[in-house]
Structures are given as C-alpha cells and as structure tokens.
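Taking it in order: structure first as structure tokens, then the write-up.
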Amino acid sequence: MSEALPARASARRPARQRRVRRDGAWPWLFVAPLALGVAVFYLWPIVQTAWYSLTTFGVFGGTTFSGLENYAEILSDPTLYRSLVNTLLYTAIVLLNIPIAVYLAALLNLPGLRFAAFYRVLYFLPYVAMPTAVAMVWRIIFNGDFGILNWVLGLAGIDGPYWISTPWASIVAVAVVGLWSSLGFSLIVLSAGLKNVPPELYEAAQLDGASRSRQFRSITVPLLTPSISFLAVVTVIAGFQLFDLLYAILGTTNPALPKSLSLVYYFYRAGFVDNDKGVAAATAMVILLLVGLATAVQFRLQRRWVHG
Amino acid sequence: MTTTTENTARPSAPSRRTALAGAASVGVLVTTAACGGGSSDGPAADTGYETPSADLKAKITYGLWDQTQVAGLQKNIDAFTAKYPGVEVALNVTPFSEYWTKLQTQASSDTLPDLFWMNGPNFQLYASNGKIAPLTGAIQAGAVDPGNYPSALVDLYSYDGVTYGVPKDFDTIGVWVNTDLFSRAGVPLPTAEWTWDEFQDTAVRISQALSAQGIYGAAGGMDGQTTYYNTIFEAGGEVIADGKSGYASTDSVAGLQFWTDLIAAGGSPSIQQLTDTTADQWFTSGKLAMYWGGSWFRAALTDTDLAGKVQVLPLPKGTAQVTVIHGVSNVVAAGTKNKQAAQALQVFLAGKEAQQQLGSAGTVIPAFNGTQGTFASSMPGTDLQLFLDAVDYSKPLPVSKNTAAWNALETDLLPDAFSGAKPVGEVASDLAQKMDKALAGE
C-alpha cells in the first residue's frame, strides 16, 4: 500500500490540489476576523509593551531606550514582592471557591431538587453584578464601626478588626469577595460537566449499595476533574489580574494600601499615578511571564490527576 | 518616580534614572517643538491673541468633570453664543476618576479638547510640557485682568512667570460645626478667634461627654487639602518650597503633630476608623461635632436634617492663621485648531457676566472678586462669608509638576505618624527624603 500511494496520489493530483487549496482558504477566511482582532488587540500590544518596558517613557509620549533599567528598578523593589505575595494569597483563597462549587453543583444536580433554577440564579447573580457595585456593598459590610460583619461577630463575642484598613485583613476581605463572586461562574461550568456524567454509573453504584457521599467521592469528583482543572487555570489567571475589587473596596487613600497592593495595582500606580509608563510596562511583562509560568505548570500537573 | 515606599537600599540607581529622565524630558520638549504645538518659541513669546470679531465661525469642545455644574455652565455658553452666533460649543463631561487618565492620553495624541478644566495638582505637568496655551496675549490686550481674582489662585496657574489660566471658581477651608452636639455635650461654642489649644480641648471634651453614643469631637483624615496642609502652614511650615520637600522642618512636623495629638487624646476617631467611614460621613450622620471641610461641603448639607444646626468657624489659629485655597481654571489646548474661538470662550468665562451667572447657579464660589455674594447668603443663619474672607490669609494648594507621585507617598507614609505607630519626626524626614527623590525625577 505504501508503495502504491505515491502513484495514486500523483494520478489524482490536479483535482485534489484544487480541493486542498479551496479547503485551505475557507477556514482561514472564517477565522480571519478573530485572528485579526487577536493580532491587533492582543499580540501587537504585547510587542509594544515589551518595547516600552525597555525605555524611559515621556509624560506625553516620546521614548528613550534605557535597556533593562526598568526591570532592575522593580526587581529591587520590596513592594513588588509584597504585591506578588498578596496576589498569591488572594489567588489561593479564591481557589477555595472550586471545592465549594463542586459540592454545591452536586447538590443542585440532585434528582428531584425543588426550585433548582431559582438556586442557580441565586448563585450566579454575584458573578454578573458590576464589580464596583459589589465593592460598595461589601465596603459597608466590612465597616469596622458600623458594619454588619463585625456586628455579627460581636454577637459571638468576637472583636472584629477594621477589615479594609488592616494590612493582612484587607487582602483576606477582598479575597472573600472574590471567592463569593466567582462561585457562580464555577457552578455553571461544573453543572455543565455534571450533565456529561452518565446516570447509569450512579444507578450501578446504588445497586452495589454505595452511599451518597461515596458516590460523590468515587463518581462525581473524578468525572468532574476536566472541569475542575479548567476552572483552576482560569481562576489563577483571574487571580493574577486582581485590580478592580481591590481598588474599589480599599480606595486610594487607605493606610493599609502600601501593604495590600496586588501586582496589577502596582502596575496601575507606576503607570497612572507616578506617570512612569516604562516601569509600568516592565511590571506588565513580569505579570505576563508569571501568568504564563503558572499556566504551564498547571497544564503539566494536569496529566497526573485529570480523569480521561 | 518610583512606585514604592520601601526602596531605601539602592544607592546607585537613582542618579542614573534621574539623568535618563532628564534626557527623556529633553526629548519630549524637542518633539513638542518640532510639532509646533504653539509653544515652539517658549511660553513667553507666544502672545497671540486677537479680539475676536462677532462673525467668528468654529466648532469647539469644552472638557470638564463635574456634572452638577453643567446647568450653570450651559447658561454661560448660551450667553457666549449669543455674542458669537457662529461658534458652536460642545460640552464634554468625563467623571473625575477618569478625567486625568483620559486627558493624559489625549495630550499624548494631540487630541485635547479645545478648552478644558485644569486643577492645581495637574497644571504644571501640562504647562511645562507645552500642552496648554499661555494667557499672556489676552492679558496684554486687556481682555483679562488677573487683579480681579484671588492672587493665590492666579499664582497657582502661573508657571515660570507666565499665566496660563485664571480661576473660574475657588474654595477655602473652615470648620463645620454641629451646634446640636455642642449643646448636648454642654460645651460652649468657640469664638472665631480660637487657638489650636482651644480646638484640641473642645474636641476632647465633646468626645468624652458623648462617647457612650459613639460621637467624636473632631476628625483628622488623609486629605491634605482639608486637614494637614492647613496645620503645616499655620505652624509656619511648608509642604513644598523651591522644588524641595518641606516636610523635614520642625514647623512642618508641628503641623502634623497636631493631628497625632488629636487622635491620641481621643478627640478624633483613629485613622483606621476614618478609612472605613470618612470624616464627612461621620459629620453628616450626626456623629461628629467639628469637621474641617471645604466651602464645597455646603452642597452636601442641602436638604439634610443637619441644615438647621450647622455653623462654620474659621480654622483655629496656630502661629499664623492660614487656609489652603484651590480653584479650577479653564485652559486652552496649545495645539487647538480653533485657538481664536477657544480663547474667546476662555476670556468670556473669566469675565464678570459669566462669573455672576455661575455664582447664582449656587454650586461653587465664582472666582471674580465681587461676584461671590450669592454664595455667602445661600445658607441663612450660617456665616458662609468667612470662606470668602479667608482668601486674605490663604495659601495655594501645594503642587509641583508631578504632584500625584508625592501625594501617593504622603498617603503611604503619614498614617504611621497620625496613628502614633512611629514618631512624627521620623516619618516626616523619611517622607521628605522620598519626596525629594520624586521631585528630582520631575
């Protein structure tokens, strides 16, 4: 067969080549608008940012090449590392939304659950709410003197801190809001994943006498691992981009701010407060690198624990 | 120029960066000059101003950030277009939080509005980079007389001896007083001639008397314009002088110490409490007896149940009596294609007729001397006149070319001084050092 192939191929070449050319052009045409968008709005800015990160940028434009000067500046700045640690802490806490969402998704998927649609809407609402509006409401909840959170804690005899103006507490507070608002998205993804689990598996397990919790551990969770791993990747990327919640909840004159910066807030300060676009670009490149690294590591680890 | 507050251990980097920043700004100047954005001969030489004729034709945009002033400004513009029927003015309102980011982008791409609002902290950045047109021509032609406006504000909008704008409105600082809380605490209302000691004493007494209800006598906060800039000036100190930080001086430290003492004595909520609930919120919710606030705070009291029990007092006297003054001005983009029309509107808005119209709209104090009467009488029973009298002993809001950079340093470092976590003198000298570095980078 392998010897016959070249001859056959050459015999049919004209017709086939025509078809290949035709097939080859159409798909490209269909993806062209998107590809163009990606090139113009994602790839080119990355190239531009990479260039700006090597320059000193004038207040109203005009660049001077300065080599690795900007990188040297931010990498020797303790605040950058503090921002990195804060970002990692935030991301770690927000990642906790996945186990909670897995449990809730399993509950919502129970056969015969009443008002299931209502619960789904309830959990999804925070995700579609405007971050600034969410932040305003939580700011009031976290208020140290008049907030409902400390009032509840007070009933239990606990003296709550000033959540948004105490350095360690502020990151935890913002992370709790992040966790709360990302729950809805995780639930949707996991519910979709659950729909793909064949009901026969549960029926067979029931016949074998497996309990609900055993079914959850041995069927639901393993078969959800592809969705879980997707969520883990997306959540980490979103975690590294923390800015709007932090900016809106903490405000710009918070005494806890210098110790509660995230990487993107650090970037914002460099670019739009200090007017140092070169340093901001360098920070952006560092964030890009870290996100790429985190994602690559996760893809590698997935092979070990993701089912099928 | 760095983003940080903790980078003290880098001896070699700053000098090189400074040199590079210097090179960069030369680059910018060369570029601007090449573009011929109206500043190619240096600011002073650009005196182009012609008294416009009534048949002037143009379409111009006017950029601003305060929606509540649009009604008043529209009256100004209607009066202007009655005079120049050929000129069409489009108002372009951007919320304050995005205004400066947007303006910076517009300036970088030479697409600034023809005429736009400018504030003190950002003024020098635009003036020194040749982005706004000097007012010299209009002043020489007699169309604008700087003598008609508070001189501290004319100075605020002058750079290198050249005036770029005259203020359209202004604000000064006073102490807003909740008289109801004074009588509940059994503390007599102070007189206008009060001192720092009397203020501290009054604040502590009210806090002690009403502590069971969570009420405080007075409040500090992280807003320099309404709090610590005033006390620094009153103690004889400086925030910035001759391009250098004034924070390290003993007088400035005394001005900061005022707030540390107030908090330590219990006269004010802590800095953390004031972050969760700002001083103006404490006051408007009836939990604060004395609030250091600007004349603009009047608008927040309209239609509240506080309105009848509010008085105002001048700031208590330190070694001197001072208040910070600030105001917004209208500036013309240096690169505008409709310079004549934009300048005509700038001149018109600065004039007495337009200023009187703005005053009767009631949201701000117009800057033209003698047109402020309507503001003073807008709150019967409350002596708003003192905000106008305060102009006589006012000092302009401290600014430099890149004010935002060292404002961020103040926000980062001063809380430790106010909370008593670190000695005030130590924080002040640390701040002065970092601020000097930021200023050198300008």
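The values are calculated or read from the model by the stated rules, or taken from the named source; none is laboratory data. Everything numeric here is computed off the predicted structure, so don't read it as measured data. We place every Cβ from the backbone using ideal geometry, glycine too, and count neighbours over all the protein chains shown. We work out accessible area using only protein heavy atoms, side chains counted, and drop any ligands, DNA or RNA first. Shrake-Rupley method; radii C 1.70, N 1.55, O 1.52, S 1.80 Å.
Below are the figures for this structure:
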| item | result |
| --- | --- |
| Residues satisfying the stated conditions in region B:271-282, i.e. in contact (Cβ under 8 Å) with a residue 12 or more places away in the chain and surrounded by 20 or more Cβ atoms within 10 Å (Cβ to Cβ) | B:Ile271, B:Gln272, B:Leu274, B:Thr275, B:Ala279, B:Asp280, B:Trp282 |
| Check on A:Thr283, open to solvent by 40 Å² or more (accessible area, probe 1.4 Å) and farther than 29 Å from A:Pro226 by Cβ | no |
| Top-ranked residue in region A:183-202 [being surrounded by fewer than 23 Cβ atoms within 10 Å (Cβ to Cβ) and of a type in the set (Gly, Ala, Ser); ranked as farthest from the other protein chains (Cβ to nearest Cβ)] | A:Gly193 |
| Residues (open to solvent by 20 Å² or more (accessible area, probe 1.4 Å), in a helix (DSSP H, G or I) and at the interface with chain B (Cβ under 8 Å from one of its Cβ atoms)) located in region A:57-81 | A:Glu69, A:Ala72, A:Pro78 |
| Filter result (in contact with a Leu (Cβ under 6 Å, 6 or more places away or on another chain) and open to solvent by 10 Å² or more (accessible area, probe 1.4 Å)) within region B:57-92 | B:Tyr84, B:Gly86 |
| Residue ranges of helices (runs of 4 or more DSSP H) in region B:61-142 with at least 3 members away from chain A (no Cβ under 14 Å) | B:70-83, B:136-140 |
| Scan of region A:130-145 for residues that are over 21 Å from the mean Cα position of the chain (by Cα), open to solvent by 20 Å² or more (accessible area, probe 1.4 Å) and farther than 15 Å from A:Leu246 by Cβ, ordered by number | A:Val137, A:Ile140, A:Ile141, A:Asp145 |
| Filter result (in a loop (DSSP other than H, G, I, E, B) and surrounded by fewer than 21 Cβ atoms within 10 Å (Cβ to Cβ)) within region B:401-442 | B:Ser419, B:Gly420, B:Ala421, B:Lys422, B:Pro423 |
| Qualifying residue in region A:179-200 (condition: within 17 Å of the chain's Cα centre (by Cα) and charged (D, E, K, R)) | no |
| Search result, residues across region B:212-240 that are farther than 19 Å from B:Thr275 by Cα and assigned to a loop (DSSP other than H, G, I, E, B) | B:Ala235, B:Gly236, B:Gly237, B:Glu238, B:Val239 |
| Test: residue in region A:248-263 that is of a type in the set (A, V, I, L, M), within 13 Å of another protein chain (Cβ to nearest Cβ) and within 22 Å of A:Ala72 (Cβ to Cβ) | yes |
| Number of the condition not met by B:Asp303 [criteria: (1) over 20 Å from the mean Cα position of the chain (by Cα); (2) touching a residue at least 40 places away in the same chain (Cβ under 8 Å); (3) on the phi > 0 side of the Ramachandran plot] | (2) |
| Filter result for B:Leu358 (open to solvent by less than 20 Å² (accessible area, probe 1.4 Å) and not aromatic (Phe, Trp, Tyr)) | yes |
| Members of region A:82-133 that are part of a loop (DSSP other than H, G, I, E, B) and over 30 Å from A:Arg269 (Cα atoms) | A:Asn109, A:Leu110, A:Pro111, A:Gly112, A:Leu113, A:Arg114, A:Phe115 |
| Evaluation of B:Ala333 against (1) touching an Asp or Glu at 6+ places or on another chain (Cβ under 8 Å); (2) more than 14 Å from chain A (Cβ to nearest Cβ); (3) crowded, with 24+ Cβ neighbours inside 10 Å (one fails), failing number | (2) |
| Number of the condition not met by B:Asp155 [criteria: (1) outside any loop (DSSP other than H, G, I, E, B); (2) under 26 Å from B:Thr260 (Cα atoms); (3) open to solvent by 50 Å² or more (accessible area, probe 1.4 Å)] | (2) |
| Among (1) open to solvent by 20 Å² or more (accessible area, probe 1.4 Å); (2) over 25 Å from A:Gly160 (Cβ atoms), the one test that B:Ser285 misses | (2) |
| Among (1) of a type outside the set (Val, Ile, Thr); (2) farther than 22 Å from B:Ser400 by Cα; (3) surrounded by 23 or more Cβ atoms within 10 Å (Cβ to Cβ), the one test that B:Tyr126 misses | (2) |
| When residues of region A:151-182 are limited to those that are without any contact (Cβ under 8 Å) to a residue 40 or more places away in the chain and surrounded by 21 or more Cβ atoms within 10 Å (Cβ to Cβ), the one farthest from A:Phe243 (Cα to Cα) | A:Tyr162 |
| Residue in region B:319-329 that is open to solvent by less than 10 Å² (accessible area, probe 1.4 Å), in a strand (DSSP E or B) and within 14 Å of another protein chain (Cβ to nearest Cβ) present | no |
| Residue that is least open to solvent (accessible area, probe 1.4 Å) [pool: residues in region B:230-267 that are closer than 30 Å to B:Leu210 by Cβ and charged (D, E, K, R)] | B:Glu234 |
| Within region B:191-211, tally of residues that are open to solvent by less than 50 Å² (accessible area, probe 1.4 Å), touching a Pro at 6+ places or on another chain (Cβ under 8 Å) and either modelled with pLDDT of 95 or more or under 20 Å from B:Ala279 (Cα atoms) (or both) | 4 |
